[in-house]
Amino acid sequence: MTFIPAYQPPTPIPQQAHWFVFQDKKLLVCVSENSAEIPLVSPSETEWGASLRYPHYLGTLDGQPCYVGEVGSAAVAPEGMEFRGLRSLFGLLPEVWFALSGTAIQVLTWDQDHKFCGRCAHRMNLKTEERAKLCPECGLTSYPRISPAIIVAIVRDGEILLARAPRFPEHMYSVIAGFVEIGESLEECVHREVKEEVGVDVTDVHYFGSQPWPFPHSIMIGFTAKYAGGDIVCQEDEIADAQWFTPHNLPYIPGKISIARKLIDWFLQQQS
Ligand SMILES: [Zn+2]
């Protein structure tokens, strides 16, 4: 399946389109036992169409136009559909659709959270030639916010370092992650975050892969690294516990939705 992003909706307005309709961050889907679909509808013919706001054109998926919008909390899901949290749709929605749902909610959230110019407080206008807003008063252009964060698998002699943050689900451990600061390279961020959170030094930092993470607007940039020295010292308030684990004594780890899990799976493959 091929998604082609675009900003200018087609004219004439298509009879039907795939609509990513959110209500309180939950997505309207047609759900059956093992799969979910994004409805192909004409909003004017739906009950929720009247309360639709923040509509944005996203582009086409295999030639079908795709839009995002939000409905108020009073809107009721039509028969056979329901509003579901994005994470719960992983594995139910086809991968391309799941990724596009993440794009959709970020476009929506960006529009809602950036109505006014940060410089002069005038109401911003959407630009037509790119995904951006322009202040008609002072000319400031504002782009959707994307917050880069590193995530790193630290290994030594058949073990991987996993840590538990207090906000994690009970008993869950994962790899180290943290937001990139202004003026910092990704590699510098890896060294700093690891040192801050678990007190150890790393070396041989290598790029692994990346994953957009729309909760709410991150991109996770994955690395692998080798342990270089130091004892584990957990950062107060940020890390509840951190330990070295072998493939045979792994704790409860994140689900397959995340790059964290892909990094841990990479470690397991290395050991097998
Ligand atoms: Zn302005």
### Query
Say each of Glu181 and Ala240 gets a label point 7 Å from the Cα, pointing the same way as Cα to Cβ; how far apart are those two points in nm?
2.7
#### Entry: Antiparallel bridges, percent of DSSP beta bridges restricted to region 3-108 (to nearest 5)
75
### Query
Label Ser147 and Arg119 with points 7 Å out from Cα along Cα→Cβ: what is the distance between them in nm?
2.4
### Message
I'd like the Kirkwood hydrodynamic radius of the chain, using the inverse of the mean 1/r over distinct C-alpha pairs, in Å.
### Response
20.9
#### Entry: Computed [θ] at 222 nm, helices only, for the chain once each DSSP H run of length n ≥ 4 contributes -39500 (n - 2.57)
-5500 deg cm²/dmol
#### Entry: Under-21-angstrom lysine pairs by C-alpha in the chain, whenever the two are 8 or more apart or on separate chains
6
#### Entry: At R0 = 25 Å, FRET efficiency that the Cβ-Cβ distance of Thr203 and Asn249 yields, to 0.05
0.50
### Query
Based on DSSP H assignment, which helices of the chain show an axial Cα extent of at least 20 Å together with a mean Kyte-Doolittle hydropathy greater than or equal to -1.0?
95-113
### Task
Please give the net charge around Leu61, taking every other residue with its beta carbon less than 13 angstrom from that of Leu61, where Lys and Arg add +1 and Asp and Glu add -1.
-3
### Gain upon complete extension [Ser272, Ile13; 0.36 nm per residue less C-alpha separation]
87.8 nm
### Message
Modelling each spin label as a point 7 Å along the Cα-to-Cβ direction, I'd like the Ser73/Glu45 distance in nm, to one decimal.
### Response
3.2
### Task
Could you tell me the distance between the Cα centroids of region 144-215 and region 12-61, to the nearest Å?
35
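Read the figures in this text as sums done on the coordinates, not as results from a lab. Being a predicted model, the structure only gives us computed values, none of them experimental. Note: ideal-geometry Cβ built from the backbone for every residue, glycine included; neighbour counts use all protein chains shown.
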